[in-house]
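Step one of this worksheet: look at the structure below.
The values are calculated or read from the model by the stated rules, or taken from the named source; none is laboratory data. Small disclaimer: the values here were computed from a predicted structure and weren't measured. Neighbour counts run over all protein chains shown; Cβ positions are idealised from the backbone, glycine included.
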Amino acid sequence: MDGITLEFKYGDRIVGKTGNLEVLNTIYNQVRDRSISSVLRRLLLSNLDQLSTWFYINKQVSTLGIIVLVDDEFESPLGPIRINLKSNNIDRVIEWLCPE
């Protein structure tokens, strides 16, 4: 992926890091197209911890380029993808990604 540095960590996990919000454009666009902004906002706010937050997406469906949010890691048969967001302005990131 352009703009993301990938590292293998913790055995079978891959961690991608970037300082560019543009890599979230697919999620940004699908949240609006599929009217799931309020669901994502609820997940981000419930997982908020100071300067970071996170949410899960369905791993299997994401291979098709479709974002399906997952409330619980056991809802996804192959396990979910966990997306962590960390920023000194995490409130602004949340507001940009899924405004009220």
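A few notes on this one:
- Those strands (runs of 3 or more DSSP E) of region 1-65 in which 1 or more residues are surrounded by 12 or more Cβ atoms within 10 Å (Cβ to Cβ) and of a type outside the set (Lys, Arg) occupy 13-17, 52-58.
- Remark: pairs (first residue in region 47-74, in contact (Cβ under 8 Å) with a residue 60 or more places away in the chain and on the phi < 0 side of the Ramachandran plot; second residue surrounded by fewer than 16 Cβ atoms within 10 Å (Cβ to Cβ) and charged (D, E, K, R); Cβ separation under 8 Å; 6+ apart in sequence or on different chains) are absent.
- Output for region 51-99, where each listed residue is of a type in the set (Val, Ile, Thr), farther than 19 Å from Ser35 by Cα and in contact with a helix residue (DSSP H, G or I) (Cβ under 9 Å, 6 or more places away or on another chain): Thr53, Ile81, Ile83, Ile90
- Among the criteria (1) modelled with pLDDT under 90; (2) not in a helix (DSSP H, G or I), the one Leu85 does not fulfil is (1).
- For region 66-95, a tally of residues being surrounded by fewer than 12 Cβ atoms within 10 Å (Cβ to Cβ) and of a type in the set (A, V, I, L, M, F, W, C) returns 2.
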